[in-house]
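The values are calculated or read from the model by the stated rules, or taken from the named source; none is laboratory data. Computed from a predicted model, the values in this text were never measured in an experiment. Using ideal geometry, Cβ is built from the backbone for each residue, glycine included, and neighbour counts are taken over all protein chains shown.
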Amino acid sequence: MKPTSAPGRLLGLCLAVASLGAVAEAPRAETLPALDRGAYLFAAAGCAGCHTDVKAKGPPLAGGRALKTPFGTFYGPNITPDPEHGIGGWSDGDFLRALRDGVAPDGAHYFPAFPYTSFTKMSDADLLALKAYIFSLPAVARPSRPHELSLPFAWRWPLGAWKWLNFTPGPFAPDAARGAEWNRGAYLVEAVAHCRECHTPRDWLGGRDDGRAFAGTPDGPEGEKVPNITPDPATGIGGWSRAQLLRTLKIGLLPDGDFVGSLMGEVVEQSTGRLTDADLEAIAVYLESVPAVANPAAKATAAGFD
């Protein structure tokens, strides 16, 4: 992580403390009206980050954000309500099938760079609230940029076999042996915020190594190291206190006093930093419960959250 100046840290800390006080009285997400609930889920899922080309100062959700991977470069598509270039012509069924099954309205399989493998766990009510919010935003008539992938990864027809090997569709099933807070955290981590997608190592075909879930990888999206967030005390976050984990999720402040940057900085700014304190607590409860996995190559350090 790039060093942060002392004045910069002080300003960041002051703003962070102010933001904590501002959010403390936020209502529970599940009690929000449908459109507000959709807006909350939109932030939790980080939709703007993948579908807005911030570097080019592109319109919100009009696509173009580049995601560099070992298979080539994916570009986030236009998901504004534009009927020609966006998703304005999609029915509720189209939207549910896209996020639940990874299938486009024309029947084509989506590449798993689109994390439908996690969104599939969202409830129908949450998915439709998310759709309602997206459809309330301005439409932008801008074509989506084609992906730039090497063969054979540019072919869509093998994705059916990939799904058979790597994908189990269906909504989240609560664990009756666990409490409501743990289940809420599991739902947020595994479905809405799709943390497993970035923080889990993958095989040569892009399938997640779920036996090492959340153990991080030295060569994650855009070639960045993604840190181990399991409770492993040596290479993960097992040595972090609950308060330290919550501060990282809320304001990006790491235990060593530095702030997260780069991709994780975007996650905090656009996603976790906008969640209620109750939901952040639930996420922490869940992450502290997952199996600890040692992964020195993705040790959770300040540099690992750059």
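Observations, loosely collected:
- Lone qualifier among Leu188, Leu149 - being surrounded by 18 or more Cβ atoms within 10 Å (Cβ to Cβ) and either modelled with pLDDT of 95 or more or closer than 26 Å to Pro70 by Cβ (or both): Leu188
- Filter result (touching a residue at least 40 places away in the same chain (Cβ under 8 Å), out of contact with any Leu (no Cβ under 6 Å at 6 or more places or on another chain) and not in a helix (DSSP H, G or I)) within segment 91-112: Gly102, Ala108, Tyr110, Phe111, Pro112
- When the criteria are applied in full, Thr200 fails the requirement of being under 15 Å from Pro115 (Cα atoms) and surrounded by fewer than 18 Cβ atoms within 10 Å (Cβ to Cβ).
- Among the residues of segment 51-70, those that are out of contact with any Pro (no Cβ under 9 Å at 6 or more places or on another chain) and surrounded by fewer than 18 Cβ atoms within 10 Å (Cβ to Cβ) comprise Val54, Lys55, Ala56, Lys57, Ala66, Pro70.
- Within segment 72-94, considering residues that are crowded, with 20+ Cβ neighbours inside 10 Å and within 20 Å of the chain's Cα centre (by Cα), the one nearest to Glu148 (Cα to Cα): Phe74
- Filter pass, Ala108 being within 17 Å of Trp164 (Cα to Cα) and crowded, with 19+ Cβ neighbours inside 10 Å: no
- Single residue of segment 263-294 satisfying the filter (among the hydroxyl-bearing types (Ser, Thr, Tyr) and more than 14 Å from the chain's Cα centre (by Cα)) that is surrounded by the fewest Cβ atoms within 10 Å (Cβ to Cβ): Ser289
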